[in-house]
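This report refers to the structure that appears directly beneath it.
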Amino acid sequence: MMPRHTVGPWGLALVVMLLGAAATARADTLLTLSETATVMEHPDELDASLRVEVRTANPADAQRRVNATMADALTAAKAVAGVTVSTGGYFVWRVGPTPQDQTERWQANQSIELTSHDGATLLKLVGELQQKGLAVGQLGWRLSENATRAARAEATRKAIAALRGRAEEAAALLDLRFGSFKQVRLDSTRPPPMGPRLMMSAQAASAQAAPPSAEAADVSISATADADVVLLPK
């Protein structure tokens with residue numbers, strides 16, 4: 001007589017669970033999707049960099065004149081509400097002599113960095129500093145950190161919503177239903193650091209009476225969502 005094997009309650013439950021898991025594994029459909037969303041934002045921060053530039057035959061004289069002009073510029077800039085002020089690098093070096101010009105000269109320069117959300121106020125200040133002899137190194141609009149963060153969050157929200165919409169549309173076409181996102185990967189692009197730049201020599205800056213102009217163009221912020229989507233039988 002063949003030996004008889006019996007399956008206890010726990011063993012039977014395990015068999016049922018394994019069969020159910022196998023059936024689920026066969027029934028689930030895995031779909032890989034990707035969606036990119038873009039939002040357009042208007043730059044909200046104007047950034048300007050100006051420099052004091054002096055060239056003389058004496059290094060001490062060059063530095064003295066740079067120091068005096070920069071001190072005057074800082075006083076004027078700090079008196080304007082809503083403008084963030086900082087200074088850049090300070091450089092002194094010897095220029096010449098050259099075969100064409102045997103005169104030894106020394107050049108010194110230092111930059112001042114200005115940032116504001118009030119474009120009209122900052123442009124007026126830049127014009128005043130130009131009249132003091134400072135040259136514009138760069139001038140342009142950009143998105144502030146807060147605006148960039150908000151735009152990135154909005155683009156990400158739109159990308160995820162579009163991803164869910166595509167998943168449900170694909171499920172309907174396949175006569176299935178949306179189950180869940182198994183894995184989601186998010187990525188976003190950063191906006192360019194600056195808008196259009198204005199470059200100007202010291203001679204042109206000192207001769208210009210009116211303040212410069214700076215028009216902002218919208219910048220795009222994009223976010224991409226990639227996901228593995230689980231589709232289930234209806």
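Laboratory data are not the source of any read-out in this text; all were calculated from the coordinates shown. Predicted model only: the values in this text are computed from it and were never measured. Here the Cβ is made from the backbone with ideal geometry for all residues, glycine too, and neighbour counts use every protein chain on show.
Using the basic label-point model (7 angstrom from Cα toward the beta carbon), what is the Ala172 to Tyr90 distance in nanometres?
6.9
Would you mind pulling out the separation of the Cα centroids of the range 61-113 and the range 162-176, in Å?
One Cα centre to the other: 63 Å.
What is the sum of charges, Lys and Arg at +1 and Asp and Glu at -1, for the other residues whose Cβ falls under 11 Å from the Cβ of Leu46?
Charge balance in the 11 Å sphere: -4.
Between Glu145 and Thr32, what is the spin-label point distance in nm, taking each point 7 Å from the Cα along the Cα→C-beta axis?
Those two pseudo-labels are separated by 3.7 nm.
Taking R0 as 35 Å, what FRET efficiency do you get between Lys182 and Glu154 from their Cβ-Cβ distance, rounded to the nearest 0.05?
FRET efficiency, Lys182 to Glu154: 0.90.
Could you give the nm distance between label points at Ala120 and Leu74, where each point is 7 Å from its Cα heading toward the beta carbon?
Once both label points are built, they end up 3.1 nm from each other.
For Ser220 and Met40, calculate 0.36 nm times their separation in residues minus their Cα-Cα distance, and state this gained length in nm to one decimal.
64.3 nm
Please pull out the direction-averaged projected area of the range 52-131, using the convex hull of its alpha-carbon atoms, in nm² to one decimal place.
Result: 5.9 nm².
Can you list the residues, at least 5 places off or on another chain, whose amide H is less than 5 Å from the amide H of Glu45, using H built in the peptide plane?
HN-HN under 5 Å from Glu45: Arg142, Ser144.
Assign unit charges at the C-beta atoms only (+1 for Lys and Arg, -1 for Asp and Glu), then state the dipole size of the range 34-154 relative to its Cα centre in Debye, rounded to the nearest 20.
Approximately 560 debye in magnitude.
Over the alpha carbons of the range 108-179, what is the largest minus smallest coordinate on each principal axis, giving the biggest first in Å?
Projected onto the principal axes, the Cα atoms of the range 108-179 cover 74, 26, 16 Å.
Considering the range 37-88, what Rg and Dmax in Å follow from its alpha-carbon atoms?
Using the Cα atoms of the range 37-88, the pair Rg, Dmax is 16.9, 58 Å.
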